[in-house]
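Computed from the coordinates by the stated procedures, all read-outs in this text should not be read as laboratory data. The structure displayed is predicted, hence computed values, not measured ones. For neighbour counting, all protein chains shown are included, and Cβ atoms are generated from backbone atoms with ideal geometry for every residue, glycine included.
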């Protein structure tokens, strides 16, 4: 029987909640809004701003984008309130 359906006297699936909180705690550094905004700015907005500046200056050569996952590895210090 799945943990979600095993309810305690209070009607809550306590073991399911424990598993879900553990999962959130584990993945939070990789799936959080701060990391997503930083990554989006780094991978989309910054290259677009650089390209705009280069095009405005009369050149079309743009720098290579940052390697994928660079921000994710730096976001390990993000705290979760669980």
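For segment 3-56, a/c is not less than 1.5, where a ≥ b ≥ c are the root eigenvalues of the C-alpha gyration tensor, and a/b tops b/c. That puts it in the prolate class. Summarising the label geometry, the points placed 7 Å from Cα in the beta-carbon direction at residue 31 and residue 7 lie 2.6 nm from one another. For residue 43 and residue 15, a Förster radius of 41 Å and the Cβ-Cβ distance give a FRET efficiency of 0.60, rounded to the nearest 0.05.
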